[in-house]
Amino acid sequence: MKLCFLVEENYRYDGMPVEVIRRLHAWGHQVDVLRPGGSLHRMTEVVRAGSHDAWVLKTVSGGPGLTLLEAAASAGMTTVNDARSIRGVRDKALAAAIGRSRGLPMPTTYAAARPELLAEIPESDYPLVVKPADGSSGRAVHLLAAPDRLPALLPVLRGEGLLIAQPYVPNAGVDIKVYCVGDDFHATERRSPLHPDHPHRERRVPLSREVAALAAQVGAVYGLDLYGLDVLLGPDGPVVVDVNDFPSFRQVPDAASRVASAVLALAAGERPSVVGHAGWASPPGAGERAAAGAMAVAAGDAL
Ligand SMILES: Nc1ncnc2c1ncn2[C@@H]1O[C@H](COP(=O)(O)OP(=O)(O)O)[C@@H](O)[C@H]1O
Ligand SMILES: [Mg+2]
């Protein structure tokens, strides 16, 4: 197969995309690599229909990577993940709106284009978590105990672009990070950046049926193929606080081979059987029906 990988400069030496590309080469496939942030792009000629079996995106938010992938999709190319699905999760404000409207357990989410607007959030929603809508890797995530803490934070929040705010979901200080690749779901526990003093070492954990079903539902709702989600075990059950396209797959055994195999299957037009993949662009209802089927399968497969 012939693939085009969009890999940002900051992932250039990262094990995940580099190892996946190496594996694909070793299996005899051709992989062209584009560095969206490091090159000048002649956009009018960047995509030639039929030049690749699939385009694959592993980039940060905000760069031109998604624009290039969308250009490939517009020329009819298969993309991994689906370009529209990536849009749906890279903007955390949009992700919350889609997720809640499709029945995912996600916190109430406010969006504020200017940090001063956060002052309108009722006191009953505190403690509050504030984070950039296009954030990643725990950057600029803040916990506000009460409204009187907001003024001191305003200068720090300025320049972060669109912000989102959510009530803090009470939790034990660790995230369950679920990684989904093909039909496989893997879970690790990692210390929450909001609990830096929690004495916790990252480790793989078995996936409960409930969280496995939730992970399958996330794939169906957004239409993602390679993805991860951050789950907190709150007082009322698991809550999804973040969804990521093409995550690190840290701690997933033999992640590079698994991701490479999944990319090949997707490039060949095969979709994982677990996830129904109606996606958020389809009419409401289709995603839930797909997810309901997926949940039954995922729950059966869970550890
Ligand atoms: N509403 C929330 N309640 C409690 N903790 C949260 C909430 N939102 C985020 N967190 C914590 O902050 C971390 C980072 O937030 P997240 O939305 O995952 O942003 P990032 O894209 O930076 O990973 C999460 O992994 C979780 O530990
Ligand atoms: Mg996260």
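Quick notes on this structure:
- Pairs linking a residue in the range 10-27 that is more than 18 Å from VAL181 (Cα to Cα) to a residue that is modelled with pLDDT of 85 or more and buried (at least 16 other Cβ atoms within 10 Å of the Cβ), with Cβ atoms under 7 Å and 6 or more positions apart or on different chains, are TYR11/PRO17; TYR11/LYS58; HIS25/VAL31.
- ARG22 vs. criteria in a helix (DSSP H, G or I) and not aromatic (Phe, Trp, Tyr): yes
- A Cβ distance below 8 Å, combined with a sequence gap of six or more or placement on separate chains, defines the contacts here; from the range 159-179, residues that are farther than 21 Å from ARG250 by Cα reach residues that are among the aromatic types (Phe, Trp, Tyr) and more than 13 Å from ligand 2 (Cβ to nearest atom) in the pairs ILE164/TYR110; ALA165/TYR110; GLN166/TYR110; PRO167/TYR126; TYR168/TYR126.
- Here ARG158 qualifies as more than 14 Å from ligand 1 (Cβ to nearest atom) and assigned by TED's automatic domain parsing to the domain that holds GLU120.
- The range 226-248, subset hydrophobic (A, V, I, L, M, F, W, C) and over 8 Å from the mean Cα position of the chain (by Cα), residue farthest from ligand 1 (Cβ to nearest atom): LEU226
- Unmet requirement for LEU143, which otherwise passes all of (1) surrounded by fewer than 19 Cβ atoms within 10 Å (Cβ to Cβ); (2) more than 11 Å from ligand 1 (Cβ to nearest atom); (3) at pLDDT 95 or above; (4) outside any helix (DSSP H, G or I): (2)
- If you go through the range 115-171 and keep only what is of a type in the set (S, T, N, Q) and under 30 Å from LYS58 (Cβ atoms), you end up with SER136, SER137, GLN166, ASN171.
The values are calculated or read from the model by the stated rules, or taken from the named source; none is laboratory data. Please read these numbers as outputs of a predicted model, since none were measured by experiment. Glycine also receives a Cβ, built like all others from the backbone with ideal geometry; neighbour counts cover every protein chain displayed.
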